[in-house]
Amino acid sequence: MNLQLSYWLDDDNIICRVDDHWDRAMDSQNWSDRASASKIVGKPLFEFICDDVTRMYVATMIESVRVIPHTSFRPYRCDTPDMKRFMQMIITPEENGWIRVSHVLIRTEPLKKPVTFTTTTPITPLRQLRNNQTINYVRCSICNRLQQYGNWDNSWHEADSFVVLGHASVKPLKVLHSVCSDCLHELR
Ligand SMILES: [Zn+2]
């Protein structure tokens, strides 16, 4: 099991290279993410991030490493329906001017009850409402906590918390992705 996966970005945040074991790691299900190496190399990183706030968040992290060369560590979560997966992103400048972004699996923990999500298309929430779509939660892309949609009291809950499991009759939960205020605060 490969616990670390890296990709490299050029000045324009185009993915120039991925780890040799990328495809094998994707197949092994340790990584829930998307695409084979041949489908992502040569593409802009931000094509793979669907919402504006997360895109801004990641861009800010990468840019800070570019402006003042240093290695940046950022914990985040990449949960599966039944596992909490505690991850770390490591962003580091390379000698050739590329930026290396590594994702490391630190540990996993089972959810009290499996929770599945569907992600609605990345259009504005207001338009979602006009289209009369039901959105259950906003999900933070960084810590994976959930805020009840339309209840903007700034309370964010784990997917297996009492609050969220109370809505578990709706399956899967329909979510919009964003970044919570706690995670945005960490960026500063
Ligand atoms: Zn968060």
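The values are calculated or read from the model by the stated rules, or taken from the named source; none is laboratory data. Just so it is clear, the structure is predicted and the values come from calculations on it, not from any experiment. Every residue, glycine as well, gets a Cβ built from its backbone with ideal geometry; the counts of neighbours run over all protein chains shown. For accessibility, only protein heavy atoms count, side chains too; no ligands or nucleic acids. Shrake-Rupley method; radii C 1.70, N 1.55, O 1.52, S 1.80 Å.
The table below gives the values:
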| quantity | calculated |
| --- | --- |
| Length-normalised contact order for the chain - Cα pairs under 8 Å, 6+ apart - percent | 20 percent |
| Cα-centred dipole magnitude for segment 61-126, charges only on beta-carbon of K, R (+1) and D, E (-1), debye, nearest 20 | 320 debye |
| Total charge dipole magnitude, the chain, about the Cα centre, Cβ charges on Lys, Arg, Asp, Glu only, Debye to nearest 20 | 640 debye |
| Out-of-range pairs (alpha-carbon distance over 26 Å; input LYS112/LYS174; LYS112/LYS171; LYS113/LYS174; LYS43/LYS112; LYS43/LYS171) | LYS43/LYS112; LYS43/LYS171 |
| Distant-in-sequence amide H partners of CYS16 (H built 1.01 Å from N, under 5 Å) | TRP8, LEU9, ASP10, GLY42 |
| Long-range HN-HN contacts of TYR149 with modeled amide H, under 5 Å | TYR137, VAL138 |
| The chain: antiparallel DSSP beta bridges as a percent of all, rounded to 5 | 80 percent |
| Model label zone, GLU95; criterion: amide N under 14 Å from point 7 Å along Cα-to-beta-carbon; scope segment 42-58 | none |
| FRET efficiency estimate (nearest 0.05) - Cβ-Cβ, THR119 to ASP23, R0 25 angstrom | 0.55 |
| Nitroxide proxy distance, nm - points 7 Å out along Cα→Cβ at ALA35 and ILE68 | 3.4 nm |
| Solvent exposure of segment 4-110 as accessible area per residue, Å², 1.4 Å probe | 53 Å² |
| On Cα atoms only, tilt of 52-67 relative to the major axis of the chain in degrees | 30 degrees |
| Percent of Cα pairs exceeding the 26 Å cut-off, where the set is the chain | 35 percent |
